Amino acid sequence: MLRVTDQITLQDWEITESFTRSSGPGGQNVNKVSTAVELRFEAERSPHLPGPVKARLKRIAGRRWTQDGALLIRVEDTRSQARNRELARERLKALVAEAAKPPKKRIPTRPTLGSQRRRLAAKTKRGTVKALRGAVDPDDG
C-alpha cells in the first residue's frame with residue numbers, strides 16, 4: 001500500500017514491478033544482476049483516483065502513459081535493486097501528488113493605464129517609421 005495524500009492511497013494490486021538489467025557502466029555486476037526497476041501503475045483502472053486527478057496525471061505523465069492507461073516509471077539510477085525500487089515508488093508518489101493538486105483558478109486582470117499608453121505610443125512610433133519608408137519622389141530633390 002502506497003499512501004500519497006490523506007485522500008489517495010494506492011493498493012498493491014495496482015502496482016507491478018519488473019526487474020531488468022541496467023544499461024551503462026557497472027563492470028561484471030551489470031551482466032549478472034537485474035537492478036533496473038520498471039514500475040507499472042494501472043492508473044486508468046484505479047478506483048482510488050478521482051477522474052480529474054487521472055486526467056491531470058495523464059497530462060503530466062506524457063510519454064510514460066501507455067495506450068492501455070498505465071503509467072510506466074523506469075529507474076536504473078543506482079546499482080541497488082532495493083534503492084531503485086524505492087526511487088520508483090517515490091517518483092510515482094510525487095507524480096500522483098502533483099496531479100492531485102487542483103489547478104489555480106485564473107484571476108483575470110486589466111492592463112494598467114500606463115502600460116496601455118506605452119503600448120499605443122510604441123504603435124504610433126512604429127507606424128510613423130513605416131510611413132516614412134515609402135517611395136521617394138524624384139521631384140523633391
statement: Residues other than I73 with Cβ under 10 Å of its Cβ, Lys/Arg counted +1 and Asp/Glu -1, net out at +2
field: trypsin sites (Lys or Arg not before Pro) restricted to DSSP loop in region 48-127 with at most 11 other C-beta within 10 Å
entry: K104, K105, R106
statement: The relative contact order of region 2-100, taking Cα pairs under 8 Å that sit 6 or more residues apart, comes to a percentage of 30 percent
- line: Dividing the mean separation of Cα pairs under 8 Å (6+ apart) by the residue count of region 43-118 yields a relative contact order in percent of 29 percent
task: With +1 on each Lys and Arg Cβ and -1 on each Asp and Glu Cβ, and nothing else charged, work out how big the dipole of region 2-100 is about its Cα centre, in Debye to the nearest 20.
output: 260 debye
field: Label point distance in nm, S34-E90, each placed 7 Å from Cα along Cα→Cβ
entry: 2.4 nm
- prompt: When the helices in the chain are scored as -39500 (n - 2.57) per DSSP H run of 4 or longer and the sum is shared across all residues, what 222 nm value do you end up with, to the nearest 500 deg cm²/dmol?
  reply: -12000 deg cm²/dmol
query: If you stretched the chain out fully between T109 and A122, how much longer would it get, using 0.36 nm times the residue separation minus the C-alpha to C-alpha distance?
result: 2.5 nm
statement: Among A61, L95, T109, the residue whose Cα sits farthest towards the positive end of the charge dipole of the chain (+1 at Cβ of Lys and Arg, -1 at Cβ of Asp and Glu, taken about the Cα centre) is T109
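Any read-out appearing in this document is the output of simple, stated calculations on the displayed coordinates, not a laboratory observation. Worth saying up front: this structure is predicted, and the values here are computed from it rather than measured. Note that we place each Cβ from the backbone using ideal geometry, even for glycine, and neighbour counts take in every protein chain shown.
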